[in-house]
1. Mean Kyte-Doolittle hydropathy of 0.0 or higher plus an axial Cα length of 15 Å or more: which whole DSSP H helices in the chain meet both?
2. Based on alpha-carbon centroids, what's the gap between region 290-321 and region 43-122 in Å, whole number please?
3. Can you give me the long-range amide H partners of Thr56? Hydrogens built in the peptide plane at 1.01 Å from N, cutoff under 5 Å, separation of 5 or more residues or another chain.
4. Calculated from DSSP H runs of 4 or more alone, at -39500 (n - 2.57) each and per residue, what is the 222 nm mean residue ellipticity of the chain, nearest 500?
5. Give me the count of lysine pairs in the chain whose alpha carbons sit under 27 angstrom apart, restricted to pairs 8 or more positions apart or on different chains.
6. Which residue, Ser26, Ser85, Ser131, tops the fluctuation ranking in a GNM of the chain built on C-alpha contacts under 10 Å?
7. Trypsin sites (Lys or Arg not before Pro) within region 45-129: which are DSSP loop residues with at most 12 other Cβ atoms inside 10 Å?
8. Just one of [x] 1.14; [y] 0.94; [z] 1.02 is Rg/Rh (Cα atoms, Kirkwood Rh) calculated from these coordinates, so which is it?
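Nothing in this text is a laboratory measurement; each read-out follows from the coordinates by a stated rule. Everything numeric here is computed off the predicted structure, so don't read it as measured data. All Cβ positions, glycine included, derive from the backbone under ideal geometry; neighbour counts span all protein chains shown.
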Amino acid sequence: MLDDRKLAVLRAIVEDYVSTNEPVGSKALAERHNLKVSPATVRNDMAALEEEGYITQPHTSAGRVPTDKGYRLFVDRLSQIKPMSGAERRAIETFLAGAVDLDDVVTRTVRLLAQLTRQVAVVQYPTLTRSSVRHVELVPLSERRIMLVLITNTGRVEQRVVELPEVIEDHRIAHLRAVLNACLDGCGLAEVPGLVADLPERLPVEDRPVVATILSVLLETLVERHDEKIVFAGAANLAGADFTIGLRDVLEALEEQVVLMRLLGETTTDTPTALTVRIGAENPYLHGTSIVATGYGSGDKQLARLGVLGPTRMDYPVTMGAVRAVARYVSQILAAS
């Protein structure tokens, strides 16, 4: 374990390197930071930090830069995550509160995170398998066509046109709508197939062909949207970043939804709302990057995850504060919608 003085030196090295992107020397540390020790003592502490693998010297005559291990200790020993200012919090709340549906919430969230952190923001859509039914709507389009609308508790809306086997009157459609909502309201989407399995038999004979057709389309909708979806923004922020791996590899990973899903999956913890930071080699798919992520959801139920991806030379206190604040506001919006 490092003593408090060496931790202070490491913290100063990380902060200076993140700020300047230049290797940090002992003289500069002594001048810029109130370490209350001589430059010679700082040099000795830096030598000890280097020996233990927390910093490294990229060139013979250069100063030191943090290693993945050094960033890890810096993050683990953060005394506080940089809080959002009152103005920033109000701006976040106002920007996200203007969303009209789930797609808009996700789009606004990913743009906002990219702007706040100057990194690549990644937001996972709430999956249908983790959602529950809020309402089923049947909208007549013509004598033998209706629009089936499935609305989930996360604000997700799925719409399908259903071709009916016969002409059906509006009052029968209203009755079927009421039956479907009484059966499915509040149930998890994974439970829907079991709940509707014997529904046609519980209805009058004349309604069974129509409801069977509607249920077939409903179940197909759940199967089609079982896959997960991720949105990202801020790829242009990578232009000036320094990666230990090639920028091309990072851009290719962003294009691969599977890779992004795996990267976010690696950040999942037993506490859904806990911030997770994966640094450098801790990321099994992109070793030269860091990921800061957390879960968001409705109430105490995690529905999906969001976060940012960037180089290991990242302003972790600011990034962690932004990710936590945005996730909290998104959760509040979903809970209230």
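1. 4-20, 102-117, 170-184, 208-224, 316-336
2. After rounding, the separation between the Cα centres reads 10 Å.
3. Val65, Thr67
4. Helix-only estimate at 222 nm: -14000 deg cm²/dmol.
5. 11
6. Maximum fluctuation in the GNM of the chain, among the listed residues, is at Ser85.
7. Passing both the DSSP loop test and the Cβ count: Arg77.
8. Matching entry in [x] 1.14; [y] 0.94; [z] 1.02: [x].
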